[in-house]
Structures are given as structure tokens and as C-alpha cells.
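Shown next, in C-alpha cells, is the structure this report addresses.
Just so you know, all these numbers are worked out from the coordinates, no wet-lab data involved. For clarity, every value in this text was computed on a predicted model and none was experimentally measured. In this analysis, Cβ positions are derived from the backbone assuming ideal geometry, glycine residues included, and neighbour counts consider all displayed protein chains.
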Amino acid sequence: MKTSNPVLSRFGQAAERERAAGYAQPGYPQQYQPYPQQDAPGYSSAVSSATAAPMTLDDVVVKTVTMLALLGGAAAATWVLVPDHLLGAAWGAGALVGLVLGLIISFSRMANPALVVAYSIIEGVFVGAVSKAYESAFDGIVLQAVVGTFGVFFVMTMLYKARVIRATPKFAKIMIAVMGGLFAAMLVNLVLSLFGVNTHLRDGSPLAIGFSLVCIVVASLSFVLNFANIEEGVRMGLPQRYAWTAAFGIVVGLVWLYLEVLRLLSYLQGDD
């Protein structure tokens with residue numbers, strides 16, 4: 001079981017270990033037989049029945065909708081319950097905790113539904129605080145950003161389904177490199193801004209508009225990688241709970257795209 005995607009490789013290795021521990025999915029090739037024969041000493045029929053159902057596309061859809069519902073609920077609660085003078089604290093805390101959870105989920109070799117659910121709620125607090133702050137400055141901007149985000153997602157879904165865009169190994173390598181570069185640039189910009197240095201990446205200048213456009217394009221193309229990961233994960237027969245990890249990838253892309261669209265709209269409507 002090999003794949004060119006490093007994330008799926010890690011998941012595939014984890015799935016192999018689970019099968020070796022006795023959690024083979026129904027219908028998996030017979031060479032995975034970690035249990036002794038039924039007539040061997042110490043055989044347990046209860047253990048032999050321990051199986052993990054394989055992940056399906058429907059599982060990913062359900063988990064993605066669940067994550068978005070949790071995120072949307074937390075965002076709405078933050079919007080209603082958090083007063084304006086505490087939005088900055090909610091914004092910062094949500095961003096920091098969400099980043100930590102996101103990194104843990106991304107680099108973990110095992111799917112962890114509890115962490116994914118926690119991430120959805122924490123990220124909802126962050127998105128709710130950001131959205132309320134932007135809406136107070138630019139009336140109607142949140143609805144525009146939401147419509148734009150899901151519009152782009154729908155278009156990318158159609159393009160991928162029609163095989164107009166394919167996640168080739170070269171495409172994946174380029175995307176990973178570009179996303180790493182963008183996040184490094186954003187991190188450096190954040191650190192420099194703490195010391196009063198303006199790099200003009202986030203100030204509404206022509207450079208900032210161009211940077212946001214690049215981020216929007218890359219965030220949109222990241223869905224191609226997510227869709228390919230899901231297809232490959234289903235083909236590999238990853239255990240059902242890995243649908244949470246697949247859904248996590250889609251939600252991360254949606255949040256990133258939403259924030260960049262929100263920021264770009266604010267540039268176009270006036271000074272940030």
C-alpha cells in the first residue's frame with residue numbers, strides 16, 4: 001500500500017499497524033491474519049470479530065458537515081455573547097489554540113475525532129470574533145465572504161469531478177512548497193508587525209491585494225489535494241474514523257479561503 005502523498009502514507013502505515021493489532025476491515029486481503037486459528041489455544045471469538053469499517057465518501061461528507069455545523073454554532077455564539085471590547089482576546093486565543101490543535105492533528109499519525117471536534121469549536125470562536133470585527137467595520141461583508149467562499153468551493157468541486165484539474169505528484173509537490181512559503185511569509189509578517197515593522201502584506205496596499213489574491217488561488221487549489229486524498233484514502237481502505245481527518249483538511253481550506261476573501265473584500269471597500 002503505497003502512495004505519493006506523505007500524509008496518506010502515514011495514515012496507511014497507521015492503518016497497517018491497526019490491522020496487525022487485529023482491527024482488519026471486512027474484505028481486506030487475507031495475508032493480514034494476526035490472530036491464531038480458531039482451534040489454537042487462547043483463541044477468542046470476541047477478539048476475532050473486532051473489525052474497523054473502511055472509510056467511505058459518505059463518511060467524509062457527514063463529518064465535514066458536522067465540523068462546519070460545530071464551527072458555525074461556535075462562531076454564532078461568539079458573535080452574540082462576546083462583547084466588542086473582548087473580541088480581540090477571543091480572536092487571539094482562538095487563533096493560538098486553533099493553530100496548536102491544527103498542528104497536532106496535521107502531524108499526528110493517528111486519527112483523533114475528539115481533537116478534530118475540539119478544533120472545530122475553537123476555530124469557530126476565532127472565526128466568529130474575526131467576522132464580527134469585520135462586519136462592524138464593513139456592513140454586509142461577512143455574507144459576501146461566505147457566499148464567495150462556498151462559491152469557489154463548489155467550482156473547485158466541479159472542476160475536480162470533471163478532471164479538469166488533477167492532483168498529480170508534481171502538482172502536489174508544488175502546492176506543498178507554495179503553501180509552506182505562504183505560511184512562512186505570513187508568520188514572518190506577524191512577527192515583524194509585533195515590532196512595528198510594516199511589510200505591506202496586510203495593509204490594503206496593492207502588494208497586500210496581490211498577496212491576498214495569491215492566497216485565495218492557492219487555498220482554492222488546496223481543495224484538489226483534499227479531494228485526491230479522500231479518493232486515495234477510500235481506495236486504500238483506511239479505517240472509518242480517518243474520515244474525520246479528511247474532513248479536517250477540507251474545513252481548514254474553507255476557513256483559510258474565507259479569511260482571505262474577507263480580507264480582500266475589506267481592501268476593496270476601504271482601508272483595513
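Key figures
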{"item": "Residue-by-residue Karplus 3J(HN,Hα) for region 105-114, coefficients 6.51, -1.76, 1.60, Hz, glycine and proline x", "result": "5, 5, 9, 6, 8, 10, 6, 10, x, 4"}
{"item": "Segment Val61-Met186, extension gain: residue separation times 0.36 nm, minus the distance between their alpha carbons", "result": "41.9 nm"}
{"item": "Unit charges on C-beta of K, R, D, E only; dipole of region 55-269, Debye", "result": "660"}
{"item": "Two-site FRET efficiency, Asp84 against Met175, from Cβ-Cβ distance with R₀ of 35 Å, rounded to 0.05", "result": "0.35"}
{"item": "Residue-by-residue Karplus 3J(HN,Hα) for region 235-249, coefficients 6.51, -1.76, 1.60, Hz, glycine and proline x", "result": "5, 6, x, 4, x, 4, 5, 5, 4, 5, 5, 5, 5, 4, x"}
{"item": "HN-Hα J in Hz across region 162-174 - Karplus 6.51, -1.76, 1.60, θ = phi - 60°, x for Gly and Pro", "result": "7, 6, 5, 10, 10, 8, 6, x, 5, 4, 4, 5, 5"}
